[in-house]
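The values are calculated or read from the model by the stated rules, or taken from the named source; none is laboratory data. Just so we're clear, the structure is a prediction, and the values are computed from it rather than from any experiment. Every residue, glycine among them, receives a Cβ derived from its backbone with ideal geometry; neighbour counts consider all protein chains shown.
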Amino acid sequence: MVDVGRYHVTHDKKDIGAFKTPTLREVSRTAPYMHDGRFVTLKQVVDHYNQGGVKNPFLDNQIILLNLTESEKQDLVEMLRTLNGEGWQHANSPLSFPE
């Protein structure tokens, strides 16, 4: 079954393939990644976007081939790891989500 993203909720064609993007805060502690959990590491996510994502008719035109070097990709992963902080351990999950 094809995951149509936000369209499932809004029934607006512009939302086909759109997904809510969670905060990057604590991102290195929130694996697996992507809406379907397909990536286990931040390196895999960075590699995915470095290659321009998955081509499809609904791909946002801002997702492009990045051509990052291995060093730049590692720097990006390390920067994402700096978004960790204290206090998250006591956060409660929301009981519901906005539509």
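Annotations for the structure displayed:
- Only listed residue being free of Cβ contacts under 8 Å to residues at least 12 places away in the same chain, among the β-branched types (Val, Ile, Thr) and touching a Phe, Trp or Tyr at 6+ places or on another chain (Cβ under 9 Å), chosen from VAL54, VAL2, VAL40, VAL27: VAL40
- Pick from the stretch 4-33, criterion aromatic (Phe, Trp, Tyr) and surrounded by 15 or more Cβ atoms within 10 Å (Cβ to Cβ), ranking: modelled with the highest pLDDT: TYR33
- Cβ pairs under 9 Å, 6+ apart, first in the stretch 76-99 and within 13 Å of THR30 (Cα to Cα), second modelled with pLDDT of 85 or more and polar (S, T, N, Q): LEU80/SER28; ARG81/SER28; LEU83/THR23; LEU83/SER28; ASN84/SER28
- Matching helices (runs of 4 or more DSSP H) fully within the chain where at least 2 residues are charged (D, E, K, R): 42-50, 70-81
- Among residues of the stretch 34-63 being surrounded by 13 or more Cβ atoms within 10 Å (Cβ to Cβ) and aliphatic (A, V, I, L, M), the one that is nearest to ILE16 (Cα to Cα) is LEU59.
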